[in-house]
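Participant: Could you have a look at this structure, given as structure tokens, before my questions?
Coordinate-derived values only; no laboratory data. Computed from a predicted model, the values in this text were never measured in an experiment. Don't worry about glycine lacking a Cβ; one is built from the backbone with ideal geometry, like all the others, and counts go over all protein chains shown.
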Amino acid sequence: MTERPTKKMSETLTVHTTHVLPPDTNNHGTLFGGKLMAYIDNVASITATKMARSPVVTASTDSVDFIKPIRVGDAVKLEAMVTYTGRSSMEIFVKITSEHLLTGKKSIAALSFLTFVALNEQGQPTQIPMVVPETEEERWLNDTAKVRAEHRKRRKKESEQLASYFSHD
């Protein structure tokens with residue numbers, strides 16, 4: 001049996017920065033939550049593909065915690081990285097920072113965890129490398145991932161039960 005390949009967390013890092021313009025905002029002058037969620041899914045999918053080097057799909061958006069509003073005129077920066085891998089699935093952490101461009105003041109605006117699954121040519125889950133943390137922050141994210149994975153499994157089971165309750169076909 002061959003040993004499973006590894007990849008450093010830092011090799012999956014993807015950074016995206018964009019200017020928040022008026023069409024991206026709501027009537028409060030802050031970035032639409034749905035727009036930010038689209039940015040999150042996009043940057044996370046690039047990160048997941050870097051890890052798997054195969055097609056990937058979003059299995060779940062585990063959380064998006066909006067911490068501070070992102071205002072028109074700000075820059076919004078998303079930093080995504082794979083924090084944990086199973087056989088074919090991977091957890092992606094996205095840190096969202098806003099920067100007031102005129103003052104340079106930066107704030108954590110949101111945090112998000114997503115799960116992606118790597119697919120082979122037939123669209124079936126396929127094995128991916130194991131992710132290796134290097135820094136203290138990376139080790140913490142990796143060490144705490146199993147707790148989040150258990151929560152995710154419980155939540156999925158509850159969602160499946162709820163879906164069956166509402167399925168009247």
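Participant: So how do 106-115, 21-30 stack up, highest first, on mean other-Cβ count within 10 Å?
Facilitator: 106-115, 21-30
Participant: May I pose another question? Hydropathy at least 1.0 by Kyte-Doolittle, axial extent at least 30 angstrom from the Cα trace: which helices of the chain, defined as entire DSSP H runs, fit?
Facilitator: The answer is none, since no helix passes both cut-offs.
Participant: Measure off 7 Å from each Cα along the Cα-to-Cβ vector at GLU150 and PHE166, then give the distance between these two points in nanometres to one decimal.
Facilitator: Going from the GLU150 label point to the PHE166 one covers 2.8 nm.
Participant: So what's the back-of-envelope 222 nm ellipticity for the chain, counting only DSSP H runs of four-plus at -39500 (n - 2.57) apiece and dividing by all residues, rounded to 500? The partial results should precede the final answer.
Facilitator: Working: 3 runs with 50 residues, N = 169.
Result for the chain, helices only: -10000 deg cm²/dmol.
Participant: Turning to a different aspect of this structure: Could you order the peptides 54-65, 146-157 from most to least packed, using the average number of other C-beta atoms within 10 Å per residue?
Facilitator: 54-65, 146-157
Participant: I would also like to ask the following. Find how many whole Å separate the alpha carbon centroid of the range 130-156 from the alpha carbon centroid of the range 37-98.
Facilitator: The distance from the Cα centre of the range 37-98 to that of the range 130-156 comes to 14 Å.
Participant: What ranking do 35-42, 118-125, 86-93 get when scored by the average of other Cβ atoms within 10 Å per residue, highest first?
Facilitator: Details: 35-42: 17.8, 118-125: 12.6, 86-93: 21.9.
In descending order of packing, they fall as 86-93, 35-42, 118-125.
Participant: Also, I was wondering about something else. Multiply the residue gap between SER54 and ASN26 by 0.36 nm, knock off their C-alpha separation, and tell me the result in nm, one decimal place.
Facilitator: Stretched out fully, the SER54 to ASN26 stretch lengthens by 6.5 nm.
Participant: Taking loop as defined by DSSP and a crowding limit of 15 other beta carbons within 10 Å, which GluC sites (Glu not before Pro) in the range 1-79 fit?
Facilitator: Filter output for the range 1-79: GLU3.
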